[in-house]
1. Which of the residues that make up the range 1-56 are more than 9 Å from the ligand (Cβ to nearest atom), buried (at least 18 other Cβ atoms within 10 Å of the Cβ) and in a helix (DSSP H, G or I)?
2. Given the condition at pLDDT 95 or above, within 13 Å of the ligand (Cβ to nearest atom) and of a type in the set (Asp, Glu), answer yes or no: does some residue in the range 159-173 qualify?
3. For the range 57-71, which positions are surrounded by fewer than 17 Cβ atoms within 10 Å (Cβ to Cβ) and not in a helix (DSSP H, G or I)?
4. Could you say which residue among 150, 159 is in contact with a Leu (Cβ under 8 Å, 6 or more places away or on another chain), outside any helix (DSSP H, G or I) and closer than 29 Å to residue 44 by Cβ?
5. Taking into account only those residues within the range 179-209 that are in contact (Cβ under 8 Å) with a residue 24 or more places away in the chain, outside any strand (DSSP E or B) and aromatic (Phe, Trp, Tyr), which is nearest to the ligand (Cβ to nearest atom)?
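The values are calculated or read from the model by the stated rules, or taken from the named source; none is laboratory data. All of these numbers come straight from a predicted model, not from anything done at the bench. With ideal geometry, Cβ positions are generated from the backbone for all residues, glycine too; neighbour counts draw on all protein chains shown.
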Amino acid sequence: MKIVILTGAGISAESGLHTFRADNGLWENHKVEDVCTPRALEKNPTLVYEFYNNLRRKLNSGDIHPNPAHKELARLEDHINGLDDDNNEFTLITQNVDNLHERGGSKAIIHMHGSLNSYRCTACNSVGEYMEDFTQDTSCPHCSESALRPNIVFFEEMPLMMDVIDDKLRSCDIFCSIGTSGNVYPASGFVRFAKEYGAKTIEFNLNNTLVSDFFDETIIGESSKTVKKWVDDYIQGGS
Ligand code: APR
């Protein structure tokens, strides 16, 4: 069985990270457009760098931990990778820029929207881990130019690893989406694509979403509970 999982901000909500579209559409008290577009970075770099520095500090503060949903996905990955048959494959794609999947034990993660604990240099294109605050004046560890930006895919920018994602969606048997509202393209279109290629599609969310109609099944509830039950059932089912 080939499984593709897509996660969004909802899976990290129970770990204490805010989702994007709760709180009247404000993300950590900012409009997403003010901190998550190339224009925002150009117009108000101080705000944008500070915003991601704050989020990174929060993520690494020691107060934010992976919850059972992150851990259950790691368990499922281990289970599937431990099966003999080459027809089994597990792929985890996340829109989240936090590192809770890694810390929950997942090994192979596609961060399609980038990651908070890293930089991208606009001079030499290097990408690397960066756990500290940085600004437009910080020197790149690779080329020494002052050209670092948060390694975050902003609106209007192309998500990462789309070629790999496209392949995985075409060949999967099961596509699950966990804690994402279906507002942001292209991730919101994955369900239709996977379904067109024959996958069974399952959504996990607190409520119905904009794209629920495209799923074969929507499982309502907190993902820490619903994902655990689903993984238990899947593993016990002997697949
Ligand atoms: N369990 C399951 N679902 C939950 C939970 C929970 N405990 N808590 C919240 N949710 C659901 C909400 O009902 C909502 O549908 O998670 C979803 C979060 O939606 P958004 O805030 O829109 O986050 P997401 O879909 O990940 O946003 C996509 O938008 O701003 C961009 O790049 C950013 O990656 C982000 C993208």
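1. 35, 40, 41, 48, 49, 51, 52, 55, 56
2. No: zero hits.
3. 60, 61, 62, 63, 65
4. Among 150, 159, only 150 is in contact with a Leu (Cβ under 8 Å, 6 or more places away or on another chain), outside any helix (DSSP H, G or I) and closer than 29 Å to residue 44 by Cβ.
5. Checked the range 179-209; the qualifying residue nearest to the ligand (Cβ to nearest atom) is 190.
Per-residue answers, yes or no, for (1) exposed (fewer than 13 other Cβ atoms within 10 Å of the Cβ); (2) in contact with a helix residue (DSSP H, G or I) (Cβ under 7 Å, 6 or more places away or on another chain); (3) over 26 Å from residue 115 (Cα atoms):
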residue	(1), (2), (3)
148	no, no, no
151	no, no, no
160	no, no, no
175	no, yes, no
199	no, no, yes
218	no, yes, yes
236	yes, no, yes
